[in-house]
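The values are calculated or read from the model by the stated rules, or taken from the named source; none is laboratory data. Given the structure is predicted, the values throughout are model-derived calculations rather than measurements. Note: ideal-geometry Cβ built from the backbone for every residue, glycine included; neighbour counts use all protein chains shown.
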């Protein structure tokens, strides 16, 4: 969920923004509906903010009445994205396993998805959110890059929050999921840019600077690269390619926050050559410099 706190404090002006942002977040972060529930912000603010989420002293659990078969109790560790979460499952007294759980019947578009169609839908949803937030922020004179002092109408307690914030900033929840929440700085900037009326020309990302070396321990070759310019649109992934039979073929795709990779599908003593490409909403950027190393 994405909210603007100025409107949260003044519902007569911001209902539409809160509602629309919530609808968007529901698609991307449905997994957060069962995120761990701790003491909510409402408990600290006299109950006005977190009234919909009562405080609990124990993590939320799913028992035999829940979705996990076999009646194993589980605790949600973290939300991976809109339809997947990581859970700690007690399979036997004193024995636990950690696994990822996919929510049945939910397939939320993901910005880092390998499926091109799914990724395009996620980016389209994000662009729609930027346009909505820009319209509301400009209409009510809100600085998308700024913060505002929120006063609890019940207790009078005050706290400052970013004007564009997530549900997790106010309560014990992982809504929105970590993947989308990490892009909030870019989201705020995109809103500000749209309001300014002078959006910079956007292009594909630049070329990363790549280095390769024999893995310090274990098998393989370690690759490291520096993030290039994003072309005015946030980088959403990197693609790692290896020279195979005279041409570069993709061997891995990593997230936008990752700038290293270890290739373990190698043969000791052989030399391998690599390139890396950055990807944003406009497309795939150029190859990095070629980097070679002897496998460990």
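Here's the yes/no breakdown for (1) surrounded by 14 or more Cβ atoms within 10 Å (Cβ to Cβ); (2) in a loop (DSSP other than H, G, I, E, B); (3) modelled with pLDDT under 90:
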{"site": "160", "(1), (2), (3)": "no, no, no"}
{"site": "171", "(1), (2), (3)": "yes, yes, yes"}
{"site": "175", "(1), (2), (3)": "yes, yes, yes"}
{"site": "180", "(1), (2), (3)": "yes, no, yes"}
{"site": "188", "(1), (2), (3)": "yes, no, no"}
{"site": "195", "(1), (2), (3)": "yes, no, yes"}
{"site": "200", "(1), (2), (3)": "no, yes, yes"}
Out of the residues in the stretch 138-158 that are in contact with a helix residue (DSSP H, G or I) (Cβ under 6 Å, 6 or more places away or on another chain) and within 26 Å of residue 236 (Cα to Cα), which is surrounded by the fewest Cβ atoms within 10 Å (Cβ to Cβ)?
145
Which residue, of 279, 240, 275, is part of a strand (DSSP E or B), more than 20 Å from the chain's Cα centre (by Cα), in contact (Cβ under 8 Å) with a residue 60 or more places away in the chain and outside the structural domain of residue 186 (by TED's automatic domain parsing)?
275
Looking only at the stretch 243-271, and only at residues there that are crowded, with 20+ Cβ neighbours inside 10 Å and not in a strand (DSSP E or B), the one that is modelled with the highest pLDDT
266
Look at residue 211 and say whether it is surrounded by fewer than 20 Cβ atoms within 10 Å (Cβ to Cβ), farther than 29 Å from residue 265 by Cβ and out of contact with any helix residue (DSSP H, G or I) (no Cβ under 8 Å at 6 or more places or on another chain).
no
Would you mind telling me which numbered condition in (1) over 27 Å from residue 236 (Cβ atoms); (2) at pLDDT 85 or above residue 72 fails?
(2)
